[in-house]
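A.B. asks: Have a look at this one.
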Amino acid sequence: MEAICTVDDGKVMIKECLNKKLCSQLKNAGALRDNEVDPLEAAYQLVRGRISIEGFPQGWTGGIQLANKLLGDPDLFIVYYDLRRRGRRVRRGLRPRTLIVSRGESKQLEVLVLSEGSKTTFRDIAEWSRLAARDGYLPVVAVVDGYGVVTYYEARSTQALS
């Protein structure tokens, strides 16, 4: 255990940092500000067993419970976890249900997280894709199925020919 945390007012707070290196890494990555840990990163570290959070079990169950309680969206955490496990730098996006993924020096992805069977129109996805591309991101849709398996799709907006 490298840090002991609590959940206060819907925020994950570091109560005691037992490994200064971990806390420094979290701070440098932008996941720790004023002893508050980003909920997605806290759930990731809980799964990895690097932190403990009062009221949440260690491991995958605890990570899902934390994401569900604080974000109301375990699928967002599942995609975050998958990308972090693959060695990507990930942070929350500005648009709902999105993550920003650094891929190399200059290329960044904006990932829209959808649950299998969710009610989303092609028009909504195309509009999101257009906005992501306008902001300089490569738009990617991540679909989480009922078993927690993530499938990624590149999402480029198209225009009708006249």
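The values are calculated or read from the model by the stated rules, or taken from the named source; none is laboratory data. Bear in mind that the values here come from a model prediction, so they are computed numbers and not experimental data. Positions of Cβ are backbone-derived with ideal geometry, glycine not excepted, and every protein chain shown enters the neighbour counts.
A.B. asks: List every residue pair whose Cβ atoms sit under 8 Å apart, with the two residues 6 or more apart in sequence or on different chains, where the first one lies in segment 129-142 and is under 13 Å from residue 103 (Cα atoms) and the second, anywhere, is part of a helix (DSSP H, G or I).
C.D. replies: Pairs found: 138/132; 139/128; 139/129; 139/132; 139/133.
A.B. asks: Now for a different question. For segment 11-24, what are the residues that are modelled with pLDDT of 90 or more, surrounded by fewer than 16 Cβ atoms within 10 Å (Cβ to Cβ) and not aliphatic (A, V, I, L, M)?
C.D. replies: If the condition is that a residue be modelled with pLDDT of 90 or more, surrounded by fewer than 16 Cβ atoms within 10 Å (Cβ to Cβ) and not aliphatic (A, V, I, L, M), then 15, 16, 20, 21, 24 are the ones that fit.
A.B. asks: Would you say residue 94 is at pLDDT below 95, within 16 Å of residue 144 (Cβ to Cβ) and out of contact with any strand residue (DSSP E or B) (no Cβ under 7 Å at 6 or more places or on another chain)?
C.D. replies: Details: at pLDDT below 95: yes; within 16 Å of residue 144 (Cβ to Cβ): no; out of contact with any strand residue (DSSP E or B) (no Cβ under 7 Å at 6 or more places or on another chain): yes.
Judged against the criteria, residue 94 is not a match.
A.B. asks: Farther than 17 Å from residue 92 by Cα and of a type in the set (Val, Ile, Thr): is that true of residue 143 in this structure?
C.D. replies: So residue 143 fails the test.
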